[in-house]
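**Student:** I'd like to ask some things about the structure below.
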Amino acid sequence: MKVGGKHYRTIWLKADDPSVVQIIDQRKLPHEFVIVDLKTVDDVAFAIRAMLVRGAGLIGATAGYGMYIAALHAPTHDREAAMRYLVEAGEKLKATRPTAVNLEWAVNRQLLALQRAESVEEMIAFAKDTAQQIADEDAEFCRRIGEHGVSLIEAIAQRKPGEPVNILTHCNAGWLAFVDYGSATAPIYAAHDRGIPVHVWVDETRPRNQGARLTAWELGEHGVPHTVIADNVGGHLMQHGMVDLCIVGSDRTTYTGDVANKVGTYLKALAARDNNVPFYVALPSSTFDWTLRDGVREIPIEQRNNEEVKYMDGRTADGRIETVLLTPENSPAANYAFDVTPARLVTGLITERGICEANEESILRLYPEKRNKP
Ligand code: MRU
């Protein structure tokens with residue numbers, strides 16, 4: 001997608017030194033656009049844990065490149081020692097964030113590819129290819145999600161000619177959360193690019209404000225009309241007919257259709273159901289967990305540092321970035337980062353293979369190769 005008119009992905013190999021991975025430091029957006037070099041597995045683990053990169057697809061792609069960096073640093077004297085080093089690196093990366101299943105998926109995909117290598121040189125080549133494939137596939141799958149999802153927006157637009165289709169989204173499931181296009185935003189960009197008038201209600205998404213900081217920024221860079229709202233406004237808007245459609249992303253979705261996404265998603269789904277607003281979840285297949293049946297009970301929910309709740313940062317009038325305390329100094333705070341929306345509240349899933357209902361039968365019809373096989 002475009003930043004200041006120039007095309008960027010969220011992760012790439014440095015042009016003049018392909019042993020270095022480059023990312024955009026998302027902690028600094030929207031006020032500063034800073035590119036960071038990742039040179040070691042520890043750099044990659046830090047970037048994921050501290051959320052320089054974030055969002056299910058990008059976490060997976062970063063882990064994929066992290067395994068390539070690990071291969072570059074693996075002991076060269078024997079293949080078995082190199083493989084042990086890579087398995088350990090994979091464990092280190094997997095431990096950085098628990099909810100987004102793409103992380104585990106990408107590391108496992110790399111380890112499977114690496115097992116086929118007969119020498120350490122081959123491991124490096126395989127790891128590089130696999131990392132690129134994961135990233136390219138992520139971008140392509142998001143593009144296809146856009147192609148499928150735009151039909152939902154088109155259908156609503158035909159019912160209200162001349163008026164914008166109002167779409168509510170939560171958190172950032174935009175191109176910054178993937179390698180390109182985004183999941184929830186891909187149908188929105190596709191509609192906008194086709195000249196269908198759209199307007200996006202952007203939930204601010206406390207405590208880290210990924211909506212206010214990131215979704216608003218990327219929609220603005222692409223020229224998509226949008227309005228940032230406080231997290232609790234969505235229900236009111238839905239009651240007054242001001243939301244035509246909700247589209248959110250997912251960090252992990254069970255094969256039965258339960259959706260883990262940024263905390264607060266569940267409440268939006270409840271409000272949507274109460275007001276007959278269609279509630280769609282956009283996700284690539286890498287975000288399905290083919291082993292879990294009951295999302296509410298089985299999906300691990302990350303609990304982050306409570307400082308994210310107690311403090312907030314932003315730009316002052318004279319351009320400095322400042323952090324301020326919001327709560328009484330000694331008040332305890334809890335920081336549950338995700339919640340699970342049960343499948344029964346989800347109208348449909350928008351995937352790279354098409355749109356399906358959020359239930360086992362419908363999901364497995366799109367992914368028949370997953371029947372009886374995690
Ligand atoms: O904690 P984050 O920012 O990594 O959370 C992930 C998200 O951005 C959202 O939950 C998003 O809607 C799904 S990830 C595509």
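**Student:** Over what distance in Å are the Cα centres of segment 318-336 and segment 189-243 separated?
**Tutor:** 25
**Student:** What residue among 319, 57, 146 has the largest mean-square fluctuation in a Gaussian network model of the chain, using Cα springs under 10 Å?
**Tutor:** 319
**Student:** Right, something else. Please list, ordered by chain and number, the residues whose modelled amide H lies under 5 Å from the amide H of residue 182; skip anything fewer than 5 residues away on the same chain.
**Tutor:** 175
**Student:** Amide H of residue 12 versus every other amide H placed in the peptide plane: which residues, excluding those fewer than 5 positions away on the same chain, fall under 5 Å?
**Tutor:** Hits under the 5 Å cutoff: 22.
**Student:** Sticking with this structure for a sec: Taking the chain as a Gaussian network, where each spring joins two C-alpha atoms under 10 Å apart, which residue of 261, 306, 108 fluctuates the most?
**Tutor:** The residue that fluctuates most here is 306.
**Student:** Please report, in cubic angstrom per residue, the volume enclosed by the convex hull of the alpha-carbon atoms of the chain. Spell out each step's value before the answer.
**Tutor:** Values: hull volume 55.9 nm³, N = 374.
Hull volume over Cα atoms, normalised by residue count, gives 150 Å³.
**Student:** With an 8 Å cut-off on Cα pairs and a minimum separation of 6 or more residues, tell me the relative contact order of segment 2-137 in percent. Working shown, then result.
**Tutor:** Numbers: 190 pairs, mean separation 29.6, N = 136.
That works out to 22 percent.
**Student:** Also, quick follow-up: State the answer as a single residue: which of 44, 134, 5 lies farthest towards the positive end of the charge dipole of segment 2-137, with beta carbon charges of +1 for Lys and Arg and -1 for Asp and Glu, about the Cα centre.
**Tutor:** So the residue furthest toward the plus end is 5.
**Student:** Run the numbers on segment 148-370 and let me know its relative contact order in percent, using alpha-carbon pairs under 8 Å that are six or more apart.
**Tutor:** Numbers: 453 pairs, mean separation 44.4, N = 223.
Computed value for segment 148-370: 20 percent relative contact order.
**Student:** Then there's this: Would you list 103, 152, 112 from fewest to most Cβ contacts within 10 Å? Could the numbers behind the result be given before it?
**Tutor:** Values: 103 27, 152 22, 112 11.
Starting with the residue having the fewest Cβ neighbours, the order is 112, 152, 103.
**Student:** Right, here's the next one. Could you pull out the pairs from 14/39; 2/268; 6/39; 92/262 whose alpha carbons sit more than 19 Å apart here? Provide the component values of the computation, followed by the final result.
**Tutor:** On the way: 14/39 11 Å; 2/268 29 Å; 6/39 25 Å; 92/262 23 Å.
Distance filter (> 19 Å) returns 2/268; 6/39; 92/262.
**Student:** Let me ask you something else. Using a 10 Å cut-off on Cβ atoms, rank the peptides 65-72, 308-315, 202-209, 24-31 from the highest mean neighbour count down. Mind showing how you got there, number by number?
**Tutor:** Numbers: 65-72: 26.0, 308-315: 15.0, 202-209: 23.4, 24-31: 17.8.
Those peptides, ordered most packed to least, come out 65-72, 202-209, 24-31, 308-315.
**Student:** Another question about this same structure. Sort 189-195, 154-160 by packing, meaning the average of other beta carbons within 10 Å per residue, with the highest value first. Walk me through the intermediate numbers first.
**Tutor:** Working: 189-195: 17.6, 154-160: 13.9.
By packing density, highest mean first, the sequence is 189-195, 154-160.
**Student:** Output wanted: per-residue J couplings in Hz (rounded whole) for segment 77-88, from phi through Karplus 6.51 cos²θ - 1.76 cosθ + 1.60, θ = phi - 60°, x for Gly and Pro.
**Tutor:** Once rounded to whole Hz, the list reads 6, 8, 5, 5, 4, 5, 5, 4, 4, 5, 5, 4.
**Student:** For each of 267, 219, count neighbouring Cβ atoms within 10 Å of the residue's Cβ, then give the residues from fewest to most.
**Tutor:** Working: 267 16, 219 24.
With the sparsest Cβ surroundings first, the list reads 267, 219.
**Student:** For the chain, what does the relative contact order come out to in percent, with C-alpha contacts under 8 Å and a separation of six or more? Working shown, then result.
**Tutor:** Details: 783 pairs, mean separation 56.8, N = 374.
Dividing the mean separation by the residue count of the chain yields 15 percent.
**Student:** Something else now. Would you work out which of 69, 305, 35 lies farthest towards the positive end of the dipole of the chain, given +1 charges on the beta-carbon of Lys and Arg and -1 on that of Asp and Glu, about the Cα centre?
**Tutor:** Farthest towards the positive pole: 305.
**Student:** In whole Hz, with x marking every Gly and Pro, tabulate ³J(HN,Hα) for segment 219-233 from phi via Karplus 6.51 cos²θ - 1.76 cosθ + 1.60, θ = phi - 60°.
**Tutor:** 5, x, 4, 8, x, 8, x, 7, 9, 7, 10, 5, 4, 8, 7
**Student:** Show me 347-353, 47-53 ranked by packing, highest mean number of other Cβ atoms within 10 Å first.
**Tutor:** Values: 347-353: 22.1, 47-53: 20.0.
Going from most to least packed, we get 347-353, 47-53.
**Student:** For the chain, what does the helix formula give at 222 nm: sum of -39500 (n - 2.57) over DSSP H segments with n ≥ 4, over the residue count, nearest 500 deg cm²/dmol? Before the final figure, lay out each step's value.
**Tutor:** Working: 12 runs with 144 residues, N = 374.
Value at 222 nm, helices only, nearest 500: -12000 deg cm²/dmol.
**Student:** Would you work out the charge dipole size for the chain about its Cα centre, treating the Cβ of every Lys and Arg as +1 and the Cβ of every Asp and Glu as -1, and quote it to the nearest 20 debye?
**Tutor:** Details: 41 positive and 50 negative charges, 104 e Å.
Roughly 500 debye, rounded to the nearest 20.
**Student:** Would you compute, for the Cα atoms of segment 58-103, the largest minus smallest coordinate along each principal axis and list the three values in descending order, in whole Å?
**Tutor:** 36, 15, 11
**Student:** Amide H neighbours of residue 228 under 5 Å, at least 5 residues apart or on other chains, H built in the peptide plane: list them.
**Tutor:** Answer set, sorted by chain and number: 202.
**Student:** With all distinct Cα pairs included, what does the Kirkwood hydrodynamic radius of segment 148-370 come out to in Å, to one decimal, could you say?
**Tutor:** Details: mean 1/r = 0.0555 Å⁻¹.
Kirkwood hydrodynamic radius for segment 148-370: 18.0 Å.
**Student:** State the antiparallel share, in %, of DSSP beta bridges confined to the chain, rounding to the nearest 5. Could the numbers behind the result be given before it?
**Tutor:** Working: 25 of 44 bridges.
DSSP beta bridges in the chain are roughly 55 percent antiparallel.
**Student:** While we're here: Nearest 5 is fine: what % of DSSP beta bridges in segment 2-137 come out antiparallel, could you say? List each step's numbers first, then the result.
**Tutor:** Numbers: 10 of 10 bridges.
Rounded to the nearest five, the antiparallel share is 100 percent.
Every number here is computed from the coordinates shown, using simple stated rules; none is lab data. Please read all numbers here as calculations on a predicted model, not as lab measurements. In this analysis, Cβ positions are derived from the backbone assuming ideal geometry, glycine residues included, and neighbour counts consider all displayed protein chains.
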